[in-house]
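Heads up: the structure comes next, in structure tokens.
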Amino acid sequence: MRYFIGNWKMFGVPKSVNILNKINSFHTKDKNRKKYRVIITPPYTLIQTYAKSFKNKKIYIGSQNCYQKEQFSSNTAAISPYMIKSVGAKYTLVGHSDNRGEGDTDTMLKNKVHFALKNNLKVVFCIGENKSDKKNKKTFSVLKKQLTKVLDKKFDKNNLIIAYEPIWSIGTGKIPTKDELEKTIIYIKKILKKIFKKKSPAVLYGGSVDGDNVKLFKEINEIDGFLVGGASKSSKKFIDIIKNYYR
Ligand code: PGA
């Protein structure tokens with residue numbers, strides 16, 4: 001199974017559902033549709049209406065984040081996994097670099113993953129090195145730390161997806177070389193197999209993915225799908241990624 005996840009970030013109002021309608025009609029007719037799953041993570045404000053609209057369809061709705069407590073608490077503006085699940089989301093991102101940058105610690109991330117899984121949300125856990133880590137050849141050690149500090153062997157690996165997103169690649173148009181990326185994905189899977197006793201969860205790539213560079217990424221068989229930011233706000237660009245992946 002491959003995954004194409006569209007992360008809308010701070011984008012979208014109710015009428016932006018048009019974008020999802022177009023992706024859905026492409027998906028319904030696509031001969032490859034059984035080979036992959038489409039997940040969109042709109043902002044919190046749209047989860048409920050979108051989840052309702054696509055309840056019986058094959059587009060899944062997720063959240064971009066969740067709070068590190070399970071149900072209710074007195075934290076202003078916080079939204080818990082229980083609340084997200086209650087409005088129909090099936091997935092949540094955890095640890096996106098935008099949120100790590102705002103102070104998410106490993107302990108907070110561990111609680112987020114734990115409570116999200118406990119509330120039957122599938123978790124897309126994001127990891128990635130920054131520009132200076134890369135420059136100082138620390139990519140592997142940073143990734144290893146991000147994985148081992150947060151992921152517990154007791155977590156259900158079947159409900160976990162890892163998204164490798166080098167921070168220097170997010171929104172910049174810069175992408176790793178094929179060789180670099182292949183080695184990194186294989187390394188991540190090696191660490192995951194150690195944590196989860198031989199079986200690795202799916203590992204996605206994210207960072208400036210578009211309809212052109214996906215032709216390069218598809219040559220790396222170990223990549224189980226993509227987390228797409230910018231290009232997911234246009235149905236055409238998002239559909240082009242899927243089309244070119246299977247061409
Ligand atoms: P991008 O974002 O595709 O715009 O680089 C990816 C992400 O932040 O998930």
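The values are calculated or read from the model by the stated rules, or taken from the named source; none is laboratory data. It should be emphasised that the depicted structure is a prediction, and the values quoted were computed from it without experimental measurement. So basically every Cβ, Gly included, is an ideal-geometry build from the backbone, and we count neighbours across all protein chains shown. Only protein heavy atoms, including side chains, enter the accessible area calculation; ligands, DNA and RNA are left aside. Shrake-Rupley method; radii C 1.70, N 1.55, O 1.52, S 1.80 Å.
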Working only within the stretch 41-69, note down all residues that are open to solvent by less than 50 Å² (accessible area, probe 1.4 Å), touching a helix residue (DSSP H, G or I) at 6+ places or on another chain (Cβ under 6 Å) and not hydroxyl-bearing (S, T, Y).
P42, I59, I61, N65, C66, Q68
If you take the residues of the stretch 86-101 that are within 21 Å of A163 (Cα to Cα) and away from the ligand (no atom under 14 Å from the Cβ), which of them is most open to solvent (accessible area, probe 1.4 Å)?
K90
Can you confirm whether the stretch 7-24 contains a residue that is more than 16 Å from the ligand (Cβ to nearest atom), out of contact with any Leu (no Cβ under 9 Å at 6 or more places or on another chain), closer than 25 Å to T172 by Cβ and small (G, A, S)?
no
Can you find a residue that is within 12 Å of the ligand (Cβ to nearest atom), touching a residue at least 24 places away in the same chain (Cβ under 8 Å), closer than 28 Å to K198 by Cα and charged (D, E, K, R) anywhere in the stretch 156-179?
yes
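Here is a check on your reading of the model: is F125 closer than 30 Å to N213 by Cα and either within 15 Å of the ligand (Cβ to nearest atom) or buried (at least 22 other Cβ atoms within 10 Å of the Cβ) (or both)? First the steps, then the outcome.
Values: closer than 30 Å to N213 by Cα: yes; either within 15 Å of the ligand (Cβ to nearest atom) or buried (at least 22 other Cβ atoms within 10 Å of the Cβ) (or both): yes.
When the stated conditions are applied, F125 passes them.
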With the condition kept exactly as written, say whether any residue in the stretch 135-142 is open to solvent by less than 30 Å² (accessible area, probe 1.4 Å), within 16 Å of the ligand (Cβ to nearest atom) and either under 29 Å from K31 (Cβ atoms) or of a type outside the set (D, E) (or both).
no
Being in contact with a strand residue (DSSP E or B) (Cβ under 6 Å, 6 or more places away or on another chain), within 16 Å of the ligand (Cβ to nearest atom), open to solvent by 10 Å² or more (accessible area, probe 1.4 Å) and at pLDDT 95 or above is the requirement here; does A231 meet it?
no
Flagged in the stretch 198-235 as in contact (Cβ under 8 Å) with a residue 40 or more places away in the chain and among the charged types (D, E, K, R), in numbering order, are K199, E219, E222, D224, K233
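So is F72 surrounded by fewer than 18 Cβ atoms within 10 Å (Cβ to Cβ) and more than 16 Å from the ligand (Cβ to nearest atom) or not? Working first, answer last.
Working: surrounded by fewer than 18 Cβ atoms within 10 Å (Cβ to Cβ): yes; more than 16 Å from the ligand (Cβ to nearest atom): yes.
In short, yes.
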Report, by residue number, each residue of the stretch 1-23 that is closer than 21 Å to L160 by Cα and exposed (fewer than 15 other Cβ atoms within 10 Å of the Cβ).
M1
